[in-house]
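Have a look at the structure below, then the notes.
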Amino acid sequence: MTITVANIEAKVNLDRILHAILVIGMTLSATAIGIGLLMSLWETPRASVAVATAPSSAAGIADIVNEFQRSPLAWRADTFLYLGMLLLVATPVVRVVGSLVDFLRLRDWRFVGISLLVLIMLTIGLFSGF
Amino acid sequence: MLVMLLVGIGVGVFGAMMGIGGGILLIPVMTGFLGIPIRSAAGISIVCVVATSCGASVSYLHKGLTHSRLGMTLETATVAGALLGGITAMWLNPRLIALILGCVMLYAFYSMYRISGSDAGQPTGLMDAEYTDPASGKKIAYGVRRLWPGLGLSFIAGNISGLLGIGGGIIKTPVMNLVMGVPLRAAIATSNFMMGITAATGALVFLAHGHIDPQKAAPTALGILLGARLGVRISSRLKSRRLKQMFQLLLLVFAIQMFIQAIRGIK
(Lines give C-alpha, C1' and ligand atoms only; values in the text may rest on other atoms or scores of the structure.)
Protein backbone atom coordinates (compact mmCIF):
# COMPACT_ATOMS: atom_id res chain seq x y z
CA MET A 1 0.00 0.00 0.00
CA THR A 2 1.65 3.21 -1.10
CA ILE A 3 1.12 6.62 0.40
CA THR A 4 -1.76 8.42 -1.31
CA VAL A 5 -4.17 11.12 -0.19
CA ALA A 6 -6.98 8.55 -0.01
CA ASN A 7 -4.87 6.20 2.12
CA ILE A 8 -3.85 9.00 4.45
CA GLU A 9 -7.49 10.06 4.87
CA ALA A 10 -8.51 6.46 5.55
CA LYS A 11 -5.75 6.14 8.16
CA VAL A 12 -6.69 9.40 9.86
CA ASN A 13 -10.36 8.38 9.96
CA LEU A 14 -9.52 4.95 11.39
CA ASP A 15 -7.22 6.51 13.99
CA ARG A 16 -10.03 8.86 15.07
CA ILE A 17 -12.41 5.94 15.57
CA LEU A 18 -9.83 3.95 17.53
CA HIS A 19 -8.93 7.02 19.59
CA ALA A 20 -12.58 7.63 20.52
CA ILE A 21 -13.11 4.00 21.56
CA LEU A 22 -10.00 4.01 23.73
CA VAL A 23 -10.91 7.31 25.41
CA ILE A 24 -14.43 6.11 26.24
CA GLY A 25 -13.19 2.74 27.51
CA MET A 26 -10.45 4.29 29.62
CA THR A 27 -12.80 6.87 31.11
CA LEU A 28 -15.44 4.32 32.08
CA SER A 29 -12.84 1.95 33.51
CA ALA A 30 -11.05 4.67 35.49
CA THR A 31 -14.39 5.93 36.84
CA ALA A 32 -15.44 2.50 38.10
CA ILE A 33 -12.02 1.86 39.65
CA GLY A 34 -12.03 5.33 41.21
CA ILE A 35 -15.43 4.71 42.81
CA GLY A 36 -14.20 1.35 44.10
CA LEU A 37 -11.07 2.87 45.60
CA LEU A 38 -13.03 5.68 47.29
CA MET A 39 -15.54 3.20 48.70
CA SER A 40 -12.74 1.04 50.06
CA LEU A 41 -11.60 3.95 52.24
CA TRP A 42 -14.70 3.78 54.43
CA GLU A 43 -15.81 0.19 53.85
CA THR A 44 -15.13 -2.45 56.48
CA PRO A 45 -11.98 -4.19 55.30
CA ARG A 46 -12.33 -7.82 54.37
CA ALA A 47 -9.80 -10.41 53.35
CA SER A 48 -8.38 -10.05 49.89
CA VAL A 49 -10.40 -12.00 47.37
CA ALA A 50 -9.29 -15.61 47.47
CA VAL A 51 -7.38 -16.32 44.33
CA ALA A 52 -8.21 -19.68 42.83
CA THR A 53 -5.25 -21.95 42.53
CA ALA A 54 -6.85 -24.92 40.87
CA PRO A 55 -6.82 -24.82 37.11
CA SER A 56 -10.08 -25.09 35.22
CA SER A 57 -12.14 -24.19 38.29
CA ALA A 58 -14.07 -21.50 36.37
CA ALA A 59 -14.76 -19.91 39.76
CA GLY A 60 -13.55 -16.49 38.67
CA ILE A 61 -16.24 -15.68 36.12
CA ALA A 62 -19.02 -17.30 38.23
CA ASP A 63 -18.15 -15.16 41.27
CA ILE A 64 -18.07 -12.01 39.19
CA VAL A 65 -21.47 -12.79 37.65
CA ASN A 66 -22.97 -13.32 41.14
CA GLU A 67 -21.65 -9.96 42.28
CA PHE A 68 -23.17 -8.07 39.36
CA GLN A 69 -26.60 -9.66 39.79
CA ARG A 70 -27.16 -7.60 42.92
CA SER A 71 -28.49 -4.04 42.77
CA PRO A 72 -25.72 -1.49 41.99
CA LEU A 73 -26.65 0.36 45.18
CA ALA A 74 -25.66 -2.77 47.09
CA TRP A 75 -22.34 -3.20 45.32
CA ARG A 76 -19.23 -3.27 47.45
CA ALA A 77 -15.94 -1.65 46.54
CA ASP A 78 -14.69 -4.96 45.12
CA THR A 79 -17.59 -5.06 42.67
CA PHE A 80 -16.71 -1.66 41.25
CA LEU A 81 -13.06 -2.72 41.01
CA TYR A 82 -14.11 -5.86 39.10
CA LEU A 83 -16.26 -3.74 36.80
CA GLY A 84 -13.37 -1.37 36.14
CA MET A 85 -11.08 -4.27 35.23
CA LEU A 86 -13.68 -5.82 32.93
CA LEU A 87 -14.25 -2.50 31.15
CA LEU A 88 -10.49 -2.09 30.78
CA VAL A 89 -9.97 -5.57 29.31
CA ALA A 90 -13.00 -5.13 27.04
CA THR A 91 -11.69 -1.86 25.55
CA PRO A 92 -9.14 -3.41 23.14
CA VAL A 93 -11.77 -5.94 22.07
CA VAL A 94 -14.23 -3.14 21.26
CA ARG A 95 -11.35 -1.45 19.44
CA VAL A 96 -11.06 -4.47 17.13
CA VAL A 97 -14.82 -4.43 16.52
CA GLY A 98 -14.63 -0.72 15.70
CA SER A 99 -11.87 -1.28 13.14
CA LEU A 100 -13.85 -4.20 11.66
CA VAL A 101 -16.80 -1.88 11.09
CA ASP A 102 -14.56 0.73 9.45
CA PHE A 103 -12.90 -1.87 7.19
CA LEU A 104 -16.35 -3.14 6.15
CA ARG A 105 -17.32 0.42 5.26
CA LEU A 106 -14.15 0.77 3.16
CA ARG A 107 -14.69 -2.74 1.69
CA ASP A 108 -11.09 -3.56 2.66
CA TRP A 109 -11.72 -7.32 2.73
CA ARG A 110 -8.16 -8.26 3.70
CA PHE A 111 -8.39 -6.31 6.93
CA VAL A 112 -11.97 -7.43 7.50
CA GLY A 113 -10.56 -10.95 7.50
CA ILE A 114 -7.70 -9.97 9.81
CA SER A 115 -10.06 -8.31 12.30
CA LEU A 116 -12.43 -11.31 12.24
CA LEU A 117 -9.53 -13.70 12.82
CA VAL A 118 -8.46 -11.73 15.89
CA LEU A 119 -12.03 -11.71 17.26
CA ILE A 120 -12.37 -15.46 16.70
CA MET A 121 -9.12 -16.13 18.58
CA LEU A 122 -10.26 -13.86 21.40
CA THR A 123 -13.49 -15.84 21.66
CA ILE A 124 -11.54 -19.11 21.78
CA GLY A 125 -9.36 -17.60 24.52
CA LEU A 126 -12.41 -16.65 26.57
CA PHE A 127 -14.10 -20.03 26.35
CA SER A 128 -10.86 -21.93 26.94
CA GLY A 129 -11.21 -20.90 30.57
CA PHE A 130 -14.29 -23.02 31.03
CA MET B 1 -3.67 0.09 47.51
CA LEU B 2 -1.80 3.42 47.54
CA VAL B 3 1.48 1.58 47.04
CA MET B 4 0.04 -0.28 44.05
CA LEU B 5 -1.28 3.00 42.61
CA LEU B 6 2.13 4.67 42.88
CA VAL B 7 3.88 1.62 41.43
CA GLY B 8 1.41 1.73 38.56
CA ILE B 9 2.14 5.39 37.81
CA GLY B 10 5.87 4.76 37.65
CA VAL B 11 5.49 1.67 35.49
CA GLY B 12 3.00 3.45 33.23
CA VAL B 13 5.45 6.29 32.57
CA PHE B 14 8.31 3.95 31.63
CA GLY B 15 6.09 1.56 29.71
CA ALA B 16 4.62 4.24 27.50
CA MET B 17 8.04 5.76 26.83
CA MET B 18 9.60 2.47 25.69
CA GLY B 19 6.69 0.75 23.94
CA ILE B 20 6.35 -1.95 26.57
CA GLY B 21 3.47 -2.85 28.83
CA GLY B 22 5.49 -2.50 31.99
CA GLY B 23 4.83 -6.08 33.08
CA ILE B 24 8.51 -6.81 32.76
CA LEU B 25 9.11 -4.26 35.52
CA LEU B 26 5.89 -4.84 37.45
CA ILE B 27 6.30 -8.56 38.09
CA PRO B 28 9.73 -8.32 39.80
CA VAL B 29 8.45 -5.44 41.96
CA MET B 30 5.36 -7.40 42.99
CA THR B 31 7.18 -10.68 43.65
CA GLY B 32 10.43 -9.28 45.04
CA PHE B 33 9.28 -6.29 47.09
CA LEU B 34 5.59 -6.78 47.74
CA GLY B 35 5.63 -10.55 48.32
CA ILE B 36 2.91 -11.37 45.80
CA PRO B 37 3.05 -14.94 44.41
CA ILE B 38 4.28 -14.97 40.84
CA ARG B 39 1.14 -16.57 39.40
CA SER B 40 -1.00 -13.80 40.96
CA ALA B 41 1.54 -11.21 39.88
CA ALA B 42 1.33 -12.44 36.29
CA GLY B 43 -2.45 -12.03 36.33
CA ILE B 44 -2.24 -8.50 37.77
CA SER B 45 0.47 -7.62 35.30
CA ILE B 46 -1.47 -8.73 32.25
CA VAL B 47 -4.39 -6.47 33.22
CA CYS B 48 -1.97 -3.61 33.75
CA VAL B 49 -0.45 -4.17 30.31
CA VAL B 50 -3.90 -3.49 28.86
CA ALA B 51 -3.95 -0.26 30.86
CA THR B 52 -0.55 0.82 29.51
CA SER B 53 -1.66 0.05 25.98
CA CYS B 54 -4.87 2.05 26.27
CA GLY B 55 -3.27 4.96 28.07
CA ALA B 56 -0.34 5.29 25.68
CA SER B 57 -2.25 4.51 22.48
CA VAL B 58 -4.69 7.35 23.09
CA SER B 59 -1.83 9.83 22.82
CA TYR B 60 0.15 8.06 20.10
CA LEU B 61 -2.96 7.73 17.87
CA HIS B 62 -3.64 11.42 18.38
CA LYS B 63 -0.06 12.22 17.26
CA GLY B 64 -0.40 9.95 14.22
CA LEU B 65 2.57 7.79 15.22
CA THR B 66 0.74 4.46 15.34
CA HIS B 67 0.71 2.23 12.25
CA SER B 68 -2.65 0.69 13.08
CA ARG B 69 -2.85 -1.58 10.00
CA LEU B 70 0.60 -3.04 10.65
CA GLY B 71 -0.36 -3.47 14.29
CA MET B 72 -3.53 -5.35 13.36
CA THR B 73 -1.62 -7.58 10.95
CA LEU B 74 0.94 -8.52 13.57
CA GLU B 75 -1.84 -8.96 16.15
CA THR B 76 -3.00 -12.12 14.38
CA ALA B 77 0.33 -13.72 15.27
CA THR B 78 0.68 -12.29 18.76
CA VAL B 79 -2.88 -13.20 19.77
CA ALA B 80 -2.34 -16.77 18.55
CA GLY B 81 0.88 -16.91 20.57
CA ALA B 82 -0.76 -15.38 23.63
CA LEU B 83 -3.57 -17.92 23.48
CA LEU B 84 -1.10 -20.75 23.68
CA GLY B 85 0.93 -19.09 26.44
CA GLY B 86 -2.04 -18.21 28.64
CA ILE B 87 -3.30 -21.78 28.76
CA THR B 88 0.09 -23.39 29.44
CA ALA B 89 0.81 -20.88 32.22
CA MET B 90 -1.76 -22.65 34.40
CA TRP B 91 0.45 -25.72 34.52
CA LEU B 92 4.06 -24.42 34.58
CA ASN B 93 6.28 -24.30 37.67
CA PRO B 94 6.60 -20.68 39.01
CA ARG B 95 10.39 -21.03 39.25
CA LEU B 96 10.51 -21.90 35.58
CA ILE B 97 8.38 -18.84 34.84
CA ALA B 98 10.86 -16.67 36.81
CA LEU B 99 13.77 -18.22 34.90
CA ILE B 100 12.12 -17.52 31.54
CA LEU B 101 11.41 -13.92 32.59
CA GLY B 102 15.04 -13.45 33.61
CA CYS B 103 16.21 -14.71 30.21
CA VAL B 104 13.73 -12.41 28.44
CA MET B 105 15.10 -9.44 30.41
CA LEU B 106 18.69 -10.31 29.50
CA TYR B 107 17.67 -10.57 25.87
CA ALA B 108 16.00 -7.17 26.11
CA PHE B 109 19.14 -5.71 27.75
CA TYR B 110 21.26 -7.00 24.86
CA SER B 111 18.83 -5.94 22.15
CA MET B 112 18.76 -2.36 23.39
CA TYR B 113 22.43 -2.02 22.40
CA ARG B 114 21.31 -2.89 18.87
CA ILE B 115 18.45 -0.38 18.70
CA SER B 116 20.00 2.56 16.95
CA GLY B 117 17.44 5.08 18.12
CA SER B 118 17.30 6.22 14.53
CA ASP B 119 13.98 7.38 13.16
CA ALA B 120 15.01 7.10 9.51
CA GLY B 121 12.75 5.06 7.25
CA GLN B 122 12.18 4.24 3.59
CA PRO B 123 8.95 3.49 1.74
CA THR B 124 8.97 -0.09 0.44
CA GLY B 125 5.55 -0.32 -1.20
CA LEU B 126 4.31 -2.59 1.59
CA MET B 127 2.08 -0.81 4.11
CA ASP B 128 3.79 2.52 3.52
CA ALA B 129 2.93 5.19 6.06
CA GLU B 130 4.14 8.56 7.26
CA TYR B 131 4.11 10.65 10.44
CA THR B 132 5.42 13.95 11.72
CA ASP B 133 8.24 13.48 14.22
CA PRO B 134 7.23 15.37 17.41
CA ALA B 135 10.83 16.23 18.31
CA SER B 136 12.08 17.54 14.94
CA GLY B 137 8.83 18.42 13.18
CA LYS B 138 10.00 16.49 10.08
CA LYS B 139 7.72 14.26 8.04
CA ILE B 140 9.02 10.69 8.07
CA ALA B 141 7.82 8.24 5.39
CA TYR B 142 8.53 4.53 5.79
CA GLY B 143 7.43 1.09 4.66
CA VAL B 144 7.54 -2.43 6.06
CA ARG B 145 10.18 -5.10 5.28
CA ARG B 146 10.34 -8.83 6.10
CA LEU B 147 6.69 -9.19 7.08
CA TRP B 148 6.76 -13.00 7.48
CA PRO B 149 9.78 -13.09 9.83
CA GLY B 150 8.07 -10.26 11.72
CA LEU B 151 4.91 -12.37 12.04
CA GLY B 152 6.92 -15.33 13.31
CA LEU B 153 8.70 -13.27 15.94
CA SER B 154 5.40 -11.63 16.91
CA PHE B 155 3.99 -15.10 17.57
CA ILE B 156 6.87 -15.74 19.98
CA ALA B 157 6.30 -12.35 21.61
CA GLY B 158 2.64 -13.22 22.08
CA ASN B 159 3.49 -16.59 23.56
CA ILE B 160 5.84 -15.02 26.08
CA SER B 161 3.16 -12.44 26.84
CA GLY B 162 0.51 -15.02 27.73
CA LEU B 163 3.01 -17.20 29.57
CA LEU B 164 4.56 -14.52 31.74
CA GLY B 165 1.83 -11.93 32.08
CA ILE B 166 3.73 -9.25 30.18
CA GLY B 167 2.82 -7.33 27.05
CA GLY B 168 5.60 -8.70 24.87
CA GLY B 169 6.49 -5.19 23.76
CA ILE B 170 10.03 -5.78 24.95
CA ILE B 171 10.35 -8.06 21.91
CA LYS B 172 7.90 -6.41 19.53
CA THR B 173 9.56 -2.98 19.57
CA PRO B 174 13.04 -4.20 18.53
CA VAL B 175 11.50 -6.67 16.04
CA MET B 176 9.63 -3.89 14.25
CA ASN B 177 12.62 -1.54 14.35
CA LEU B 178 15.50 -3.92 13.62
CA VAL B 179 13.82 -6.61 11.48
CA MET B 180 10.93 -4.83 9.77
CA GLY B 181 12.49 -1.40 9.20
CA VAL B 182 9.92 0.62 11.14
CA PRO B 183 11.35 3.85 12.65
CA LEU B 184 11.80 3.64 16.41
CA ARG B 185 9.08 6.12 17.42
CA ALA B 186 6.53 4.43 15.17
CA ALA B 187 7.67 1.01 16.46
CA ILE B 188 7.13 2.13 20.06
CA ALA B 189 3.70 3.57 19.27
CA THR B 190 2.60 0.51 17.28
CA SER B 191 3.91 -1.86 19.94
CA ASN B 192 1.84 -0.04 22.57
CA PHE B 193 -1.17 -0.29 20.28
CA MET B 194 -0.75 -4.04 19.72
CA MET B 195 -0.12 -5.16 23.24
CA GLY B 196 -3.61 -4.22 24.39
CA ILE B 197 -5.34 -6.95 22.43
CA THR B 198 -2.52 -9.43 23.09
CA ALA B 199 -2.79 -8.84 26.82
CA ALA B 200 -6.59 -8.89 26.74
CA THR B 201 -6.43 -12.42 25.36
CA GLY B 202 -4.23 -13.57 28.25
CA ALA B 203 -6.21 -11.52 30.80
CA LEU B 204 -9.43 -13.26 29.82
CA VAL B 205 -7.84 -16.65 30.50
CA PHE B 206 -6.45 -15.52 33.88
CA LEU B 207 -9.79 -13.92 34.77
CA ALA B 208 -11.70 -17.08 33.90
CA HIS B 209 -9.50 -19.03 36.33
CA GLY B 210 -9.89 -16.48 39.14
CA HIS B 211 -6.19 -15.56 39.13
CA ILE B 212 -6.63 -11.78 39.20
CA ASP B 213 -7.06 -10.04 42.56
CA PRO B 214 -9.02 -6.82 41.92
CA GLN B 215 -7.81 -5.17 45.14
CA LYS B 216 -4.29 -5.23 43.75
CA ALA B 217 -4.89 -5.14 39.99
CA ALA B 218 -7.39 -2.28 39.84
CA PRO B 219 -5.39 0.44 41.66
CA THR B 220 -2.25 -0.54 39.75
CA ALA B 221 -4.13 -0.30 36.47
CA LEU B 222 -5.50 3.12 37.41
CA GLY B 223 -1.98 4.33 38.22
CA ILE B 224 -0.77 3.05 34.86
CA LEU B 225 -3.57 4.83 32.99
CA LEU B 226 -2.41 8.07 34.57
CA GLY B 227 1.30 7.37 34.17
CA ALA B 228 1.10 6.28 30.53
CA ARG B 229 -0.31 9.62 29.38
CA LEU B 230 2.53 11.40 31.16
CA GLY B 231 5.06 8.95 29.69
CA VAL B 232 4.08 9.80 26.12
CA ARG B 233 4.56 13.52 26.80
CA ILE B 234 7.99 12.94 28.32
CA SER B 235 9.12 10.66 25.46
CA SER B 236 8.44 13.41 22.95
CA ARG B 237 10.97 15.64 24.71
CA LEU B 238 13.57 13.27 26.11
CA LYS B 239 16.66 12.13 24.23
CA SER B 240 16.15 8.43 23.64
CA ARG B 241 19.81 7.59 24.30
CA ARG B 242 19.69 8.69 27.95
CA LEU B 243 16.41 6.95 28.58
CA LYS B 244 17.68 3.77 26.99
CA GLN B 245 20.69 3.74 29.32
CA MET B 246 18.49 4.10 32.39
CA PHE B 247 16.21 1.35 31.21
CA GLN B 248 19.07 -1.02 30.46
CA LEU B 249 20.24 -0.68 34.04
CA LEU B 250 16.77 -1.45 35.34
CA LEU B 251 16.51 -4.52 33.12
CA LEU B 252 19.84 -5.85 34.34
CA VAL B 253 18.88 -5.40 38.00
CA PHE B 254 15.55 -7.11 37.56
CA ALA B 255 16.98 -9.93 35.45
CA ILE B 256 19.37 -10.74 38.29
CA GLN B 257 16.47 -10.63 40.74
CA MET B 258 14.47 -13.08 38.61
CA PHE B 259 17.39 -15.52 38.40
CA ILE B 260 17.77 -15.35 42.18
CA GLN B 261 14.09 -16.13 42.62
CA ALA B 262 14.30 -18.98 40.15
CA ILE B 263 17.24 -20.51 42.05
CA ARG B 264 15.96 -19.94 45.58
CA GLY B 265 12.35 -20.72 44.83
CA ILE B 266 9.28 -18.54 44.89
CA LYS B 267 6.33 -18.67 47.31
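The values are calculated or read from the model by the stated rules, or taken from the named source; none is laboratory data. Bear in mind the structure is a predicted one, so any value in this text is a computation, not a measurement. A quick note on method: Cβ atoms are made from the backbone with ideal geometry, for glycine too, and the neighbour counts reach across all protein chains shown. Side chains are part of the model used for accessible areas, which takes the heavy atoms of the whole protein and leaves out ligands, DNA and RNA. Shrake-Rupley method; radii C 1.70, N 1.55, O 1.52, S 1.80 Å.
Could you work out how far helix B:240-264 tilts from the main Cα principal axis of chain B, as a 0 to 90 degree angle to the nearest 10?
So the inclination is approximately 30 degrees.
So how tilted is helix B:38-63 from the main axis of chain B? Cα-based, degrees 0 to 90, rounded to 10.
Result, in degrees: 20.
Taking 7 Å along the Cα-to-C-beta vector as the label spot, tell me the residue B:91-residue B:3 distance in nanometres, rounded to one decimal.
3.5 nm
How do A:11, B:139, B:63 stack up against each other in accessible area, from largest to smallest, with a 1.4 angstrom probe? Please list the in-between numbers first.
Working: A:11 45, B:139 140, B:63 85 Å².
Correct descending sequence by accessible area is B:139, B:63, A:11.
Provide the gained length on full extension for the span residue A:73 to residue A:38, in nm with one decimal, where the gain is 0.36 nm per separating residue minus the Cα-Cα distance. Before the final figure, lay out the partial values.
Working: separation 35, 0.36 × 35 = 12.60 nm, distance 1.48 nm.
Length difference between fully extended and current span is 11.1 nm.
Give me the summed buried accessible area for the B-A pair, 1.4 Å probe, to the nearest 100 Å².
5100 Å²
Within 10 Å of each Cβ in peptide B:29-41, how many partner chain Cβ atoms are there on average? Round it to a whole number, please. Spell out each step's value before the answer.
On the way: counts 0, 0, 0, 0, 0, 0, 0, 1, 2, 0, 2, 3, 0.
Averaged over the peptide's residues, the number is 1.
I'd like the orientation of helix B:68-88 relative to chain B: the angle between its Cα long axis and the longest Cα principal axis, in ° from 0 to 90, rounded to 10.
Once rounded, the angle reads 20 degrees.
Averaged over its residues, how many other protein chain Cβ atoms are within 10 Å of peptide B:193-204's Cβ atoms?
Values: counts 5, 1, 1, 9, 9, 2, 2, 11, 10, 2, 7, 12.
Counting Cβ atoms of other protein chains within 10 Å of each residue's Cβ and averaging gives 6.
List the pairs from B:63/B:172; A:11/B:216; B:139/B:216 whose alpha-carbon separation is above 32 Å, in the order I gave them.
Details: B:63/B:172 20 Å; A:11/B:216 37 Å; B:139/B:216 42 Å.
Over 32 Å apart, Cα to Cα: A:11/B:216; B:139/B:216.
What is the extension gain from residue B:238 to residue B:138, computed as 0.36 nm multiplied by their sequence separation minus the C-alpha to C-alpha distance, in nm to one decimal?
On the way: separation 100, 0.36 × 100 = 36.00 nm, distance 1.67 nm.
Between residue B:238 and residue B:138, full extension yields 34.3 nm more.
Place +1 on the Cβ of every Lys and Arg and -1 on the Cβ of every Asp and Glu in chain B, take the dipole about the Cα centre, and give the residue among B:29, B:100, B:80 whose Cα lies farthest towards its positive end.
With unit charges placed on the Cβ atoms, the residue in question is B:29.
Sort B:18-24, B:127-133, B:44-50 for me by packing, meaning the mean count of neighbouring Cβ atoms within 10 Å per residue, highest on top. Please list the in-between numbers first.
Details: B:18-24: 31.9, B:127-133: 19.1, B:44-50: 33.4.
The peptides rank, most packed first, as B:44-50, B:18-24, B:127-133.
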